[in-house]
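All remarks here apply to the structure that follows.
The values are calculated or read from the model by the stated rules, or taken from the named source; none is laboratory data. Since this is a predicted model, take the numbers as computed values, not measurements. Cβ atoms come from the backbone with ideal geometry, glycine included; neighbour counts cover every protein chain shown.
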Amino acid sequence: MAKKPDKPAKPEKSDKPEKSDKPKKSGKPPDRLSNDPRSPYYNADALEREIGVRFKGAEKTNVNEYCVSESWIRVEVGKTKDRYGNPLTIKLTGPVEAYFKDKKKEA
């Protein structure tokens, strides 16, 4: 019976730096963001900084989720809830611009 050659051992650590889950503090918000904690696009650190969304040139305050690269936003439909108690939303397409709102410094 022939023996199988031993497999080489995998290196324990690589030279590449590990990615961190925390967003970098920059002047540009994420491309896609949701305010629902169950969503994979939820980012509490980004939501702590107030984010403004302009959709078709108008400021929107009722945006639940947005994607700048795909040009859509998801907004609530009145006070209507689904059977699980979540707000009903609709997806609107058009030009989307997201930005961090600057807090005015009190003098």
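Remarks
- Subset of segment 53-74 (residues that are hydrophobic (A, V, I, L, M, F, W, C), in a strand (DSSP E or B) and surrounded by 14 or more Cβ atoms within 10 Å (Cβ to Cβ)): Val53, Phe55, Val63, Cys67, Trp72, Ile73
- Note on segment 37-52: residues that are in contact (Cβ under 8 Å) with a residue 24 or more places away in the chain and exposed (fewer than 14 other Cβ atoms within 10 Å of the Cβ) total 3.
- Segment 75-102: number of residues that are of a type in the set (A, V, I, L, M) and surrounded by fewer than 13 Cβ atoms within 10 Å (Cβ to Cβ): 3
- Single residue of segment 84-96 satisfying the filter (farther than 9 Å from Ile73 by Cα and either aromatic (Phe, Trp, Tyr) or at pLDDT 95 or above (or both)) that is farthest from the chain's Cα centre (by Cα): Tyr84
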